[in-house]
Amino acid sequence: MEQIIIHVDMDAFFASVEVRDNPVLRGKPLIIGSLPRERGVVATCSYEARKYGVHSAMNIKEAYRLCPHGIYMHPNIDKYRAVSAQLREIWGAYCSVAETIALDEAYLDVTAQAGNLEGARKIAKVIKQRTKEELGLTCSVGVAYSKTAAKTASEEKKPDGYFEIPTAQDFVNLIIDRDVRVIYTVGERTARKLNAEGIRTVRDVRENSEMVIRLLGKQGQWITRLALGIDERKVTPGRPQDAKSISREVTFQEDVRSFELLKDVLVLLALCVERRIRRHELHGDGVTLKLTYADMKGISRSRSPAECDSAASIYREAVRLLGKVEKRPVRLIGVGVYHLSAGEKRQLVMENLLSEAVDGRGSEMKKLLDALQKRYGLDFAGHLEQIFHMDVLHKTVEYMRKRS
Ligand SMILES: [Mg+2]
């Protein structure tokens, strides 16, 4: 094997951590995310909850309809972050490169450490064992020749699973008659486009590769290559949030008609996004505004390249985009920065910008925050850091909504 890659994925991560720390929850349908009386979605749920059809990203009201006797909890992100740091320590001990793609998920390049499939098997076993013994949690591990195959392998026997896909041929044999959604990057929308042309399985993709490329362009090329088992991507060092975009969004508990309020919420979202970019020493070159209207229709508008190094510039672009959308009641608003790349040289500058925003010495953000303060009677002085906590952000936005 040219490269040997492990994909580790924790089982129902948030829920498992909560169950571990509070055994009363064991064996119960546990849903982490919004509470049923709130608006929002399921972040993670226990396998007991999944039996009722509940899954991540599902609307919380729908989850409640399916599982009214479930236990609903808000996530404790700080706690999960701490566990994630412990996980990274374990993972890092057995690979030359670890690419963390979420708090609970990573690709590990174990080519040198494992030597061969047998070696990789041993590493997978040790990682599973240590995770259980030291952290009291289970994970699923896939071993394969490529990243995509490793990810597919870890999904295969969830939870507490282990599976290997040594060659491209094995990968193809495994997925050829499955739904196209099995292919990494084929989401609901892409699947629907393909289905509309009668392309339902991986086999269909292989037999209609030209049409797939015509239909989906660059993404189509990638998908047809994956359908052949080709994925030469390397495991690259990464931390959580090393995603292609960083965004923050809030769902209002009641639909918002006032676009003035939306603009005010954008001030806070822009600060949160800036802070996350800065934390991960990234630099982006486009801003995205995302809205979900009351009728659940979602839109996203982007501007690229746009200056987006500071909260002030992110805010400006987002407001410009907001000015061009249909004015109807809004349920959710989000802002993101994309095309991220490492931008160490900007770190210092960003640091200054943020401290400027936080201390508020004459910056554009300071003026905006002052305006919020006046309009809603909020006191940000010295508490701005709090806004970066998701809970506080949501509560503040709700407070603003009620006062607007
Ligand atoms: Mg997981």
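What to note about this one:
- Heavy-atom accessible surface of the chain: percent carbon and sulfur, 1.4 Å: 50 percent
- In terms of overall dimensions, the C-alpha atoms belonging to segment 242-317 reach 36, 20, 19 Å along their principal axes, ordered largest to smallest.
- q = 0.09 Å⁻¹: log10 I(q)/I(0) that the Debye formula gives for the chain, counting C-alpha atoms only: -0.63
- Exposure check, 1.4 Å probe, all protein chains in place: PHE163 carries approximately 50 Å² of accessible surface.
- Segment 276-322 versus segment 1-21: alpha-carbon centroid distance in Å: 31 Å
- Charged neighbours of TYR162, selected by a Cβ distance under 13 Å, balance to +1 (K, R count +1; D, E count -1).
- Choice from VAL54, VAL182, VAL41 showing the highest fluctuation, given a GNM over the chain with Cα pairs closer than 10 Å: VAL182
- Taking THR251, THR288, THR224 as the candidate residues, the one with maximal mean-square fluctuation in a Gaussian network model of the chain, Cα springs under 10 Å, is THR224.
- If only the Cβ of Lys and Arg carry +1 and only the Cβ of Asp and Glu carry -1, the dipole of segment 172-227 around its Cα centre is close to 180 debye.
- Distance-filtered residues of segment 48-65 - backbone nitrogen under 12 Å, label point 7 angstrom along ASN22 Cα→Cβ: none
- Candidate lysines - alpha carbon under 18 Å from LYS157, same-chain residues fewer than 8 apart omitted: LYS51, LYS122, LYS125, LYS128, LYS132, LYS147
- Debye log10 I(q)/I(0) for segment 245-403, one point scatterer per Cα, at q = 0.08, 0.20, 0.21 Å⁻¹: -0.20, -1.33, -1.45
- Applying 0.36 nm per residue to the separation of SER304 and ARG37 and subtracting their alpha-carbon distance, the gain on full extension is 92.3 nm.
- Where labels lie 7 Å past Cα in the beta-carbon direction, separation of GLU281 and LYS132 in nm: 3.8 nm
- For segment 172-227, the Cα gyration tensor yields ellipsoid semi-axes of 14, 12, 11 Å (square root of five times each eigenvalue, largest first, whole Å).
- For the pair LYS157 and ARG257, label points projected 7 Å from Cα toward Cβ lie 5.8 nm apart.
- Ordered by 1.4 Å accessible area with all protein chains kept, LYS327, LYS128, LYS158, LYS374 run largest first as LYS374, LYS327, LYS158, LYS128.
- Solvent-accessible surface (1.4 angstrom probe) belonging to MET296, in square angstrom, nearest 10: 110 Å²
- Shape category assigned to segment 213-282 from the gyration tensor of Cα positions, a/c cut at 1.5: oblate
- Extension gain, GLU2-VAL325: 0.36 nm per intervening residue step, less the Cα-Cα distance, totals 111.3 nm.
- Taking all pairs of distinct alpha-carbon atoms in segment 1-59, Kirkwood radius in angstrom: 12.7 Å
- Of VAL202, VAL97, the residue with the largest accessible area leads and the full order is VAL97, VAL202 (1.4 Å probe).
- Most mobile listed residue (LEU228, LEU271, LEU322) in the chain, GNM with C-alpha springs under 10 Å: LEU228
- Once the 1.4 Å probe is applied to the protein heavy atoms, segment 172-227 comes out at 58 Å² accessible per residue.
- Here the chain is treated with +1 on each Lys and Arg Cβ and -1 on each Asp and Glu Cβ, and its dipole about the Cα centre works out to around 1140 debye.
- Alpha-carbon centroids, segment 23-78 and segment 158-200: separation in whole Å: 27 Å
- Subtracting the Cα-Cα distance of GLN386 and GLU210 from their residue separation scaled by 0.36 nm leaves 58.2 nm.
The values are calculated or read from the model by the stated rules, or taken from the named source; none is laboratory data. Everything numeric in this text was worked out from a predicted model, so none of it was measured. Glycine also receives a Cβ, built like all others from the backbone with ideal geometry; neighbour counts cover every protein chain displayed. The protein model used for the area step is the full one, side chains on, heavy atoms only, and it has no ligands, DNA or RNA in it. Shrake-Rupley method; radii C 1.70, N 1.55, O 1.52, S 1.80 Å.
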